[in-house]
Amino acid sequence: MSEEIINKLPTKEYDWLCHNLWSLGLKSYKEYLECPIWKDKKKMMLESYPNCQKCKSKKGLQVHHKTYRHLGSEPEKDLIVLCIKCHKEEHNLWQIYP
């Protein structure tokens, strides 16, 4: 996630993100995305959902956080598998509705 998107997060989401990164001893969201906790969770989600959960595409799948409230111990309901196009659209929602 780019700094531009992080800066446009709703205040509550930004606070959860910062608090949970701090609790995990991490300095950035990028660092979290490279850690074993996230890699294992991402792998599990991509194995469980081999298609985009919005458009059903099988190409360019990514795992999106619906919320950062439980970052580091995300329940499955906090995550969704999206293709690149749908993932970009999801982030644009935050830019339209801050």
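The values are calculated or read from the model by the stated rules, or taken from the named source; none is laboratory data. What you see is a predicted model; the values in this text were computed from it and never measured. Because the Cβ atoms are built from the backbone with ideal geometry, glycine has one as well, and the counts that use them run over all protein chains shown.
Checking each residue in region 33-76 for being within 12 Å of the chain's Cα centre (by Cα), in contact (Cβ under 8 Å) with a residue 24 or more places away in the chain and exposed (fewer than 13 other Cβ atoms within 10 Å of the Cβ) picks out only 76.
The residue list 21, 79 contains one member that is at pLDDT 95 or above and either aliphatic (A, V, I, L, M) or within 13 Å of the chain's Cα centre (by Cα) (or both), which is 79. Within region 14-32, residues that are closer than 16 Å to residue 74 by Cα reach partners that are of a type in the set (Val, Ile, Thr) and part of a loop (DSSP other than H, G, I, E, B) with beta carbons closer than 8 Å, at six or more positions or on different chains, in the pairs 16/67. In the set (1) out of contact with any helix residue (DSSP H, G or I) (no Cβ under 6 Å at 6 or more places or on another chain); (2) closer than 21 Å to residue 14 by Cβ; (3) not aromatic (Phe, Trp, Tyr), the condition left unmet by residue 69 is number (1).
Test residue 88 against the stated conditions and say whether it is out of contact with any Lys or Arg (no Cβ under 9 Å at 6 or more places or on another chain), free of Cβ contacts under 8 Å to residues at least 24 places away in the same chain and not in a helix (DSSP H, G or I). So residue 88 does not fit the description; no. Which one of the conditions (1) surrounded by 14 or more Cβ atoms within 10 Å (Cβ to Cβ); (2) free of Cβ contacts under 8 Å to residues at least 60 places away in the same chain does residue 8 fail to meet, given that it meets all the rest? Residue 8 satisfies every listed condition except (2).
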